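The values are calculated or read from the model by the stated rules, or taken from the named source; none is laboratory data. Keep in mind that this is a model prediction, so the values were computed, not measured. All Cβ positions, glycine included, derive from the backbone under ideal geometry; neighbour counts span all protein chains shown. Side chains included, ligands, DNA and RNA excluded: accessible areas come from the protein's heavy atoms. Shrake-Rupley method; radii C 1.70, N 1.55, O 1.52, S 1.80 Å.
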Amino acid sequence: MTDKILTPIEIGLTAAIVSIDGKEPSILTASGSDGDELEGLPFGPFDAVAHRTLEIGLRSWVEEQTGLRLGYVEQLYTFGDRGRHAQRSDTDAHVASVGYLALTRAADSTSKPQVAGATFKPWYRYFPWEDWRDERPAMIEKEILPALEDWAAQSEKPDTARALARGDRVRLYFGTHGAQWDEERVLDRYELLYEAGLIEESRRDGRPAALARKTLPALGSPMRFDHRRILATAIARLRAKLKYRPVVFELLPSEFTLTELQRTVEAISGRHLHKQNFRRLVEAGALVEATGEMSTQTGGRPAALFRFRREVLQERPAPGLRVRGRR
């Protein structure tokens with residue numbers, strides 16, 4: 001009996017670092033050190049000797065490499081699928097990456113990252129179908145749904161590993177045939193597009209559905225490895241958190257106008273919100289309090305400044321903004 005040779009495993013830490021740049025949600029990206037021109041999320045190794053916990057390790061190398069001091073940090077998931085960093089012919093260690101969602105204020109992210117090739121980019125650059133602030137993105141009707149419906153028609157039965165047939169998933173995830181668009185299903189939509197072979201990562205990974213297509217639609221910028229999947233997970237988590245945790249205030253300055261608060265919520269959720277309804281929701285939730293000061297940086301009439309009312313954290317268990325879009 002021969003001893004089985006085990007593939008060595010390394011633990012990495014991948015960070016989806018979010019900031020708000022004006023009206024746009026931005027994500028810190030970094031180019032690869034191996035000559036790969038594709039953008040990716042910042043990545044660093046976990047040093048079990050130097051760092052007592054994974055989160056300490058994450059904060060340490062992010063500040064060292066980029067100069068950013070992270071605020072809110074939350075672990076997302078461990079991404080270790082075979083093929084994410086290695087092929088069968090590779091002999092190097094397989095990298096299992098612990099993904100994190102991290103938030104930083106714009107005032108902290110304006111300094112130029114200290115690592116070459118690192119910069120903040122709008123996250124809708126990678127997920128253009130998720131931005132509904134102006135209107136339902138035209139690419140959904142023109143490019144995504146026709147291709148998905150053709151793909152769904154090839155199999156009417158559920159996959160053995162799934163409860164829903166392809167057509168049901170298209171309807172639920174993209175809000176067709178009477179179903180409502182759910183902004184939290186970012187990862188579900190991305191994985192459906194990947195499975196249908198409609199994005200570049202699917203072709204790069206050798207998926208048959210993608211290889212069978214002569215051309216692929218231009219559905220956002222691809223990312224290195226599985227980083228767009230990690231980013232989709234982060235966006236979905238942050239959109240969900242808005243509704244029951246005051247995480248939005250981690251992205252705002254200590255004092256802000258209600259218009260700035262609304263634009264930040266809209267940027268993250270990808271939804272346009274009715275101004276008066278939003279303000280009534282904020283007032284009812286007692287999440288903010290007036291500072292007594294006015295802002296003259298609005299470009300128009302001076303606007304009242306507010307700050308997060310921290311006492312709300314002791315008053316109820318789920319202080320968030322359960323917003324609803326106009327569509």
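Quick notes on this one:
- Local electrostatic count at residue 257 - Lys and Arg +1, Asp and Glu -1, tallied over other residues with Cβ under 15 Å: 0
- Gain in span if fully extended, residue 23 to residue 163, counting 0.36 nm per residue against the direct Cα distance: 46.5 nm
- Accessible surface of the range 197-268, 1.4 Å probe: 49 percent of it comes from carbon and sulfur atoms.
- Computed FRET value (nearest 0.05) for residue 204 with residue 259, which takes r as the C-beta separation and R₀ as 56 Å: 0.85
- Average accessible surface area per residue within the chain, 1.4 Å rolling probe, Å²: 54 Å²
- Surrounding net charge for residue 47, when Lys and Arg each add one and Asp and Glu each subtract one, Cβ distance under 12 Å: -1
- Taking every alpha-carbon pair under 8 Å whose residues sit at least 6 apart, the chain reaches a relative contact order of 17 percent.
- Computed extension gain for residue 286 through residue 145, at 0.36 nm per residue and net of the alpha carbon distance, reaches 46.7 nm.
- Qualifying GluC sites (Glu not before Pro) in the range 274-320, where qualification requires a DSSP coil assignment and no more than 11 other C-beta atoms within 10 Å, comprise 311.
- Applying 1/(1 + (r/R0)^6) with r as the Cβ-Cβ distance of residue 48 and residue 307 and R0 = 45 angstrom yields a FRET efficiency of 0.65.
- Distance between the 7 Å Cα→Cβ label points at residue 277 and residue 221: 3.3 nm.
- In the chain, the calculated helix contribution to ellipticity at 222 nm averages -8000 deg cm²/dmol per residue, counting -39,500 (n - 2.57) for every DSSP H run with n ≥ 4.
- Taking amide H as placed 1.01 Å from N in the peptide plane, residue 21 has its amide H under 5 Å from the amide H of 26, each at least 5 places away in sequence or on another chain.
- Rg to Rh, two decimals, where the range 245-315 supplies the alpha carbon set and Rh follows Kirkwood: 0.94
- Relative to the longest principal axis of the Cα atoms of the chain, the long axis of helix 227-241 lies at roughly 30 degrees.
- Fully extended contour minus Cα-Cα distance, from residue 64 to residue 153, at 0.36 nm per residue: 27.0 nm
- Only alpha carbons enter this Debye calculation for the chain, each as an equal point scatterer, and the log10 of I(q)/I(0) it gives at q = 0.08, 0.13 Å⁻¹ is -0.43, -1.07.
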